[in-house]
Amino acid sequence: MNRKRFTSIFLFTFVFLLFNGCGREPDKPNVDFTIDLNDPQYSTLYNLGGYVYINGIIVIRTVSGNYVALSEYCTSDGSALQYMVSQNEIVCPSDGSKFDTAGAVIFGPAQTPLIQYQTQLIGSSLRIYTL
């Protein structure tokens, strides 16, 4: 391999890694808010499989009864995600990407996981926050 070819490959790789974040997770926005599950706009979260969108986050009550909070948008194309209770997966309706309830990619084209937030249930108050 000659020097010119080596330099061009090195520069291409460097620029690719620079703009793609070297495979790191996306920056996690700092959030800390509480919702009242008795509020009618959040009442679907009392049902297994219920989900709502709040501040760019999809909050889900999974089939096992746990609450999870993940980034609302597909990491591949930016579409709003949907929770498919029958499969216990989060699905992008436009490109078919699938994520598990921890935000990991199950099926692409998405390659980047969803951002996961912490949840804490106290009575009928559900806190969503960043660690």
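Each value in this text was obtained by applying a stated rule to the coordinates, not by laboratory testing. Model, not experiment: these values are computed from the prediction. Counting neighbours? That spans all protein chains shown, and the Cβs are built from the backbone with ideal geometry, glycine included.
The set of residues in the range 102-115 being touching a strand residue (DSSP E or B) at 6+ places or on another chain (Cβ under 6 Å) and crowded, with 19+ Cβ neighbours inside 10 Å consists of G103, L114, I115. Kindly evaluate G78 against the criterion of being within 12 Å of the chain's Cα centre (by Cα) and free of Cβ contacts under 8 Å to residues at least 12 places away in the same chain. Criteria met by G78.
The one condition from (1) closer than 24 Å to P29 by Cα; (2) more than 14 Å from the chain's Cα centre (by Cα); (3) loosely packed, with under 13 Cβ neighbours inside 10 Å that Q87 does not meet is (1).
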